[in-house]
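Comments concern the structure below.
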Amino acid sequence: MEEQEYQQTLFSRLKSFFFESKRVFRITKKPSKEEFKAIVKISSIGIAVIGIIGFIIQIIWRLVS
């Protein structure tokens, strides 16, 4: 009995996930060239900032210890 209930809940969760994913794909759109360039620039700046912060922390850690 529990196995059957588990399969039903698993099936219902998968079905719900499928319909939610389908809805998301329906409302999303392909970004324009300008939007894509802006996203790439912002992401690159964010990665660079995080890298610089990590590098500075590593330098400070090596000087302290």
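Computed from the coordinates by the stated procedures, all read-outs in this text should not be read as laboratory data. All of these numbers come straight from a predicted model, not from anything done at the bench. Don't worry about glycine lacking a Cβ; one is built from the backbone with ideal geometry, like all the others, and counts go over all protein chains shown.
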Tell me which lysines have Cα within less than 28 Å of Lys15's Cα, excluding those fewer than 8 residues away on the same chain?
-> Lys29, Lys30
Rounded if a/c is under 1.5, else prolate if a/b is larger than b/c, else oblate: which is the chain, with a ≥ b ≥ c the root eigenvalues of its Cα gyration tensor?
-> oblate
Starting with the highest mean, order 39-51, 21-33 by the number of other Cβ atoms within 10 Å, averaged over the residues of each peptide.
-> 39-51, 21-33
To the nearest 10 degrees, how steeply does helix 33-64 sit against the main Cα axis of the chain, on a 0 to 90 scale?
-> 60 degrees
Report, in deg cm²/dmol and to the nearest 500, the calculated mean residue ellipticity at 222 nm for the chain, where each DSSP H run with n ≥ 4 adds -39500 (n - 2.57) and the sum is divided by the residue count.
-> -32000 deg cm²/dmol
